[in-house]
1. With the dipole of the chain worked out from charges on the C-beta (+1 for Lys and Arg, -1 for Asp and Glu) around the Cα centre, which of Tyr36, Phe532, Asn308 lies farthest toward the positive end?
2. How big is the Rg/Rh ratio for segment 405-496, C-alpha atoms only, Rh by Kirkwood, two decimals?
3. How long is the gain from Ala591 to Asn102 if the chain were fully straight, where each residue apart is worth 0.36 nm and the alpha carbon distance is subtracted?
4. Which one of Asn622, Asn651, Leu153 has its Cα pushed farthest toward the positive end of the charge dipole of the chain, where Lys and Arg give +1 and Asp and Glu give -1 at the Cβ?
5. Quick check on the exposure proxy: order Glu160, Glu302, Glu44 from fewest to most C-beta atoms within 10 angstrom.
6. Fewest first, what order do Leu363, Leu269, Leu68 take by the number of other Cβ atoms within 10 Å?
7. Determine, for each peptide in 502-512, 404-414, the mean count of other beta carbons within 10 angstrom over its residues, then list the peptides with the highest first.
8. Take the Cα atoms of segment 575-704, find their three principal axes, and give me the spread along each one in whole Å, biggest first.
Amino acid sequence: MSLNISLLTAISGLNVTRAAIDVASQNVANANTEGYSRKIVNLEARNILGTGAGVRVSSITRNVDEFLLRDLRAQTGSLGTSEIQKQFFDRMQDLFGSLGSNSSLTNQITELDTAFQSLATTPEGVSQRLDVVNAAVTMAQRFNAMSSDIQKLRLEAEVEISNAVQDVNLQLSTIADLNLRISKLVGAGQTATELEDQRDIALNKLSEYMDISYYYRGNKEAVVSIGSGDSLVDRLALPLSFTPSSSVSAANNGFGPITLNGVDITDRLRSGKIRGLVDLRDTSLSQLQAELDTLGAKLRFELDQVHNRGVGLPPQNILSGSRTVAGTDPFSGTGTVRIAILDANGDFADDGVGGAAVFDFDLTTLPSPANVTDVVNAINAAFNPAVATASIDTNGRVTIQATNPTNGVAINESTSAVAVGDATMGFSHFFGLNDLFTTGANYDSYSTVQQSASTTPLGLSGNLVFSGYDTVGGAPYTGTVAYVAGDTLDSLAAKINADGTLAGSGVNVTAQVVKEGGAFRLQITDTNGDNFFVSDGGGGSLVSSMGIAPDRTGESSVLAVRSNVSNDPATLSRGTLSLAVGPVFGDAGVAIGDNTAAQALANHFSQKLTFGSAGGLPPLGNTLSEYATSILSLNATEADNVSANLQFRSNLVGELSFQAISVSGVNIDEEMARMVLIQNSYNASAQMISTISEMLDVLVNLVP
């Protein structure tokens, strides 16, 4: 009996070495297979009734360090974020140019400054006027191109998010399928190491897109969730849902969410390529757009303000506003504006009765409340229709036209002032009668400067006063919304939306808090597209303290030189209409060679202007070119930071990968050495069987 047990024991050794050879062969064959982990044959002693009976394979396992793999996958997600950010920031650097490049925005503004300086020196120079127009057109086109490039990158990020979500769902489905197959094999007492390797590959790919956590059940099923705890695979795969936007614009910050079981999980993703793409789309690129819009809006406002104070020579026959208005729009102004009709030489024209055709318009003499029609009527009452007329044309533009086609209209804004949010505009500037740049913006939408949070108390109390025209009720309206120190952007928006006057069907003024990069703005809009105005009341100062002004979102994408200026550089403002008291027919209204307006425009480029916080930039006191430099410098700094972070993450992941491979990877030399041991073990077991066989033969032959 003991010889039989010895024989079985030796045979078990052969069986074990055969299994070991199979595993070693598999290891060697897959030494260069991605994701393959070295397999180990685990042995245990057999016994029968407490007596040793050889050896058997207890299990075949993978040689992996699970703790190291968890750390590696966590860092892989962070690396994925850095990689996608580096890719986009490099492209942003290429698109926008370096600080010293000729195509940079700073250089474009500087070239316009230089052109105006030359025009101020030679105001009647034809080439100088053409240089200004060309520089202005080139600069505006640069704004347009940069804004377009930003939105293209945002759309590309949106598409890549969609592709990433699809790949995530594929990996989740793969993991769920492998879980089922692994659990069946484990339940049948079989090894499933190759399937576990495949599942590890899927987990590795998944960790590139998002931060994940996971654990294994007793049957070796993997339960996977987002790092924040939302389950992704638990027996069944729970796919993500995402509907990408088909188009993107500067005003479009309401992208669709990434959902799981109908719940928005976008902000629960803390790392990975998807997080990086979302941050680029909603923060980095959105901030850059906000900075560009802030610069474009400030440049347009400041230069238009100065340009509206001047006049070209010969003066334009017709001044037409760039703002769309209705005759019923409210108008409230103070001070005086001078409107005059000049001949081609810049002299005051005949008013029809031998005097000078000039109207010193005291805005306080208008009816209370006044509207745009009252303004037009006052101008028409001041001029003989054979000299000049004012009207609101079919496009909703206020126009003032000299009746004689050889004469022109000139305006000196003098002391006129019209409040629009926190800004004060002159009469001509308010209507855009002599703008240099246009964006097509009206007075139908306002917004605050950026606020750090939408739920932080404003710390102010008072009233917001809204004025406009109710198109259904057929009458002017005034809406008053009271706010207290504890109100936030969110609660203030809710109060505006709940106000009965503003919610009327003929008014439809609504408010919302919009996220812009990492900050928030209160946006107030007339959804009918009608003009309205916002001012402080009740001792409040919200309009001025929060910088409520006509909304500038997307202005850089539509900034353009006004068509009449680009078509005829002679319309550029170079001189200033005389404010001489009691002018008579034939007096000089604008002297030939007058460069006061051109010089004022040139000087404006060196003035320090106040820029509110926008994008990633804090409030600044910069010149126009300095602010452009700040945008490019910030972008370059962020690109450098992303590059440095990527290098750090790459090194860390590389080190962790090396450590993981050193544990789980196949070393050919080690496998060859192990093969020698297996071979020796096999030979020894075979020799044992041969010896026991001979002993059994002898024993059998002893029996007669």
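1. Tyr36
2. On the Cα set of segment 405-496, Rg over Rh gives 1.09.
3. That pair, Ala591 and Asn102, stretches by 172.3 nm at full extension.
4. Of the candidates, Asn651 comes out farthest on the positive side.
5. Lowest to highest Cβ neighbour count: Glu44, Glu302, Glu160.
6. Ranking Leu363, Leu269, Leu68 by Cβ neighbours within 10 Å, fewest first, gives Leu68, Leu363, Leu269.
7. The packing order, highest mean first, is 404-414, 502-512.
8. Result, largest extent first: 157, 24, 22 Å.
Read the figures in this text as sums done on the coordinates, not as results from a lab. For clarity, every value in this text was computed on a predicted model and none was experimentally measured. Cβ: placed from backbone, ideal geometry, glycine included. Neighbour counts: every protein chain shown.
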